[in-house]
Each structure stands twice: as C-alpha cells, then as structure tokens.
Amino acid sequence: MRFIKNFEEAYGSFHPTFYRGTYSQALTDAKKELKFMLVYLHGDDHQDTDDFCRRTLCDPEVVQFVNQRSLFWACSVSTSEGYRVSQALQENTYPFLALIVLRDARMTVVARIEGMVEKRFLMDKLNLVITDNEASLMLARADRQNRDLNQSIRQEQDVAYQESLRADQEKVRRKKEEHERQEKEQEEERNKIIEEELHRENIARLKVELSEQVPDEPTADSVDCIRIMLKLPDGTRLERKFLRNQSLKYLYYYVFCHEKAPDDFQIVTNFPRRTLQCQPTDEVPEPPTFSEAKLGKSEMLFVHDNTA
C-alpha cells in the first residue's frame, strides 16, 4: 500500500505492524478474531504528525504493546479512503487514534486519543481502556464458544442423523434387492418349470409322431432282416428285428419312443465300440441303413444316456 511505503520512507521500517487491507476488511477481521482494533489517521501536513510518529508511534515499547494487544490499521486522511474514515470517526485534530472493540454485537469506538501524546500517556490510556472493555470481549468469546459448541453439537447430530439415514436407506436398498432377487429366482424357477413341462409335452408328442413312423417289424421268416438286442441304461433289454435296407433312424425312433429310454441318448456297439449315427440331424437328415453301418445279422447294442 502507498501509505505504508511513504511512512517507511519517512520514519523507517520499525513501527507497529500495519494491517494490509481496507478499513472495512480490518473491522471484519477484528470482529471475527475478537480483537481490539487501533485506528491511526495520519495528517500529513499537521505540525505534530512528524514528532508523534518518531517519538511515540515508533517507540519500541509502543510497537510491542500495539502488536500484542490489537490489530493496527492506519491511513493518511489525504487519500480517499482515509477521508471517508475521517468523516465516519469525526476527529478534531491530529494525530488521531481510535480504539474500536466489539460491544453488544457491533464494533464500537471505546476511546479517542487526539493531538500529540507521549508514549507513557498513550500506553496507559490504551491499557486502561482495554482493561475496562476486556470483559465485553470475554463475554463475546464465551458466547462464540457456546455458539460454536452448539453448532458442533448440531453438526455431530446432523452427521449421526445422516449416517443413520444412510444406514436405513442401505437396509431398504438391500431389502429391495433381496426381494427383487427372490422374485427373479422365483420367476426363473416358474419359467424353468414351464419350460420343462413344455419339453415333456413336446417329447411326448414327438414320441407319438415318431412311433407312427417306425415300420412294422419283419416276420420271423424274412430273409433280409437283422435282429437287434438293446440294453437300456436302467438294465431293461429290448429286442427288435429290422430290414437291413432300412435306415438307422427307425432304430433311433424305436428306442426314443420306449417309455424307459432316456430322451437324449446315443446307441453304441459293443466291440469294437463305436457310436451309430442313427439320429437324423440337419446335416444328416437321412442316416445310413443297417447294411451301410456294417451291422451283422444279430447285434447287441447299448443305449447311452447323454445326460448321465
């Protein structure tokens, strides 16, 4: 700030610590920090200004006292801000000092020191006024501590409430998720039961349809026939004759339509072990004949449950 620079050029750098900011900012900080605020209005052209600054204001004891006991703001009345503060404080002469402190919730001037004063008078005057008004600051500090304590308690209560609220919300969320999970599982189970029932119905219908496609069994005196013996997974034994030029799909249909046969199976030979391609597929809609499969006149075959 220009005033501080000019002051130090004239009187040196040893002086009370100037508040670097506006008058309004200084008032705000003093109120916030519950400090006394000492205001010095500098009259550049007054005859006592130079002597006061050198002998009183920059005296080591005064500097120490002011720095320890107050927030110090100073300005020249020749500046626009200094003039505005001068109009507010209504000083009569220079040098001018005003001591301001928080009283009844507002910053109040509690001492005015005008004209040339020696350091002892200044320090005694300031000390007396500070002592007389310390009680108001103590009361303000106590009130602020109570407010801070109450605010802290409210904040702790708010935190506890928010934590409790979050915990309750989390319980609700988990309960909802659990309910949705159970509903989903139940829905999946219902769908599974329906699918299984539809599958059983389809299998039953397919067995009826395929059983009608199985040709009649050749008679015992048929020349070109093959005798097939089958062993089902549960140990049931079946025997059936087919013509050698018939497709293996009829063997598959025959087994598939039997009530004790599994729904998903393969038919394998005994020795050498091999799987007969007897189930019609999209790739092989017409499986080979018994003859093409190189089966003998009598064969023992095994039905393997693919789901076992």
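Brief remarks follow.
- Cα shape, segment 1-96, gyration tensor, a/c 1.5 rule: oblate
- Under 29 Å from K125, Cα to Cα: lysines that are on another chain or at least 8 residues apart: K5, K31, K32, K35
- Here the relative contact order of the chain, from alpha carbon pairs under 8 Å that lie six or more residues apart, stands at 12 percent.
- Look at where the Cα atoms of segment 139-162 and of segment 181-215 average out, and the two centres are 69 Å apart.
- Eligible lysines near K297 by straight Cα distance, threshold 22 Å, same-chain separation 8 or greater: K231, K241, K249
- Shape of segment 201-262, Cα gyration tensor, a/c cut at 1.5: oblate
- Angle in degrees between helix 23-33 and the longest Cα principal axis of the chain, rounded to the nearest 10: 70 degrees
- Rounded to the nearest 10 degrees, the inclination of helix 119-211 to the longest alpha-carbon principal axis of the chain is 10 degrees.
- Heavy-atom accessible surface of segment 1-160, averaged per residue, reaches 56 Å², computed with a 1.4 Å probe.
- About the Cα centre, charge dipole magnitude for segment 181-285 (Lys/Arg +1, Asp/Glu -1 at Cβ), debye: 680 debye
- Beta bridges by DSSP in the chain, antiparallel share as percent, to the nearest 5: 70 percent
- Segments 58-70, 259-271 sorted - mean Cβ within 10 Å per residue, highest first: 58-70, 259-271
- Between helix 2-11 and the chain: long-axis angle, C-alpha atoms, 0 to 90°, nearest 10: 40 degrees
- A135 versus S211: modelled label distance in nm, points set 7 Å from Cα along the beta carbon direction: 11.3 nm
- Surface share of carbon and sulfur [accessible, 1.4 angstrom probe, percent] for the chain: 48 percent
- Selected from N191, M123, Q169, residue furthest toward positive end of dipole (segment 116-194; charges at beta carbon): M123
- When the charge dipole of segment 117-218 is built from unit charges on Cβ atoms (+1 for Lys and Arg, -1 for Asp and Glu) and taken about the Cα centre, the candidate among S211, S152, N133 whose Cα reaches farthest toward its positive end is N133.
- With K and R counted +1 and D and E -1, the other residues having a Cβ less than 11 Å from that of E33 yield a net charge of +4.
- Ligands, DNA and RNA are left out, and with a 1.4 angstrom probe the accessible area of segment 190-247 is 67 Å² per residue.
- Nearest-20 debye value, segment 111-259 charge dipole, Cβ charges on Lys, Arg, Asp, Glu: 500 debye
The values are calculated or read from the model by the stated rules, or taken from the named source; none is laboratory data. What you see is a predicted model, and the numbers here were worked out from it, not measured in a lab. Cβ sites come from the backbone with ideal geometry, for glycine too, and all protein chains shown count toward neighbours. Heads up: the accessible areas ignore ligands, DNA and RNA and are worked out on the full protein's heavy atoms, side chains in. Shrake-Rupley method; radii C 1.70, N 1.55, O 1.52, S 1.80 Å.
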